[in-house]
Amino acid sequence: MGKIYIDKKKIQEIQDLMDKKNAINDLCILLASNNDLVAEGNQFYERLLLDNEEYLLIMDKFWDDVKNKYNISLKDDEELYLDFASGEITIRKISC
């Protein structure tokens, strides 16, 4: 695979999504100490789940588009990685 770079606008879009995802994760950790707030059927909790699912679908589409555009095939132990500073997309081993 040759070097792949994405434009600054797309980098910012993906970084914003990652920031939102991290905020959802942080909020879930904070709320986990209060079972009433994360109980099934709680509207706030359900909204967090929907937001998380939406994020995952958008990110899956982004990576699928990159793989299709650049004809990238990954092995089971590999993933694509975006360097936000440079905009370069590389393949890396999945860490445990």
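None of the figures in this text is laboratory data; all of them are computed from the coordinates on show. Given the structure is predicted, the values throughout are model-derived calculations rather than measurements.
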Inset, instruction - Ratio to report: Rg/Rh of the chain, with Cα atoms as the point set and Rh obtained by the Kirkwood method; give two decimals. - result: 1.07
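If I take every Cα pair under 8 Å that is 6 or more residues apart in the chain, average their sequence separation and divide by the length, what percent do I get for the relative contact order? Working shown, then result.
Numbers: 62 pairs, mean separation 34.0, N = 96.
Value for the chain: 35 percent.
Nearest 500 deg cm²/dmol is fine: what mean residue ellipticity at 222 nm does the chain get from its DSSP H runs of n ≥ 4 alone, each adding -39,500 (n - 2.57), divided by its residue count? All intermediate terms of the calculation are to be shown ahead of the outcome.
Details: 2 runs with 51 residues, N = 96.
Computed ellipticity for the chain at 222 nm equals -19000 deg cm²/dmol.
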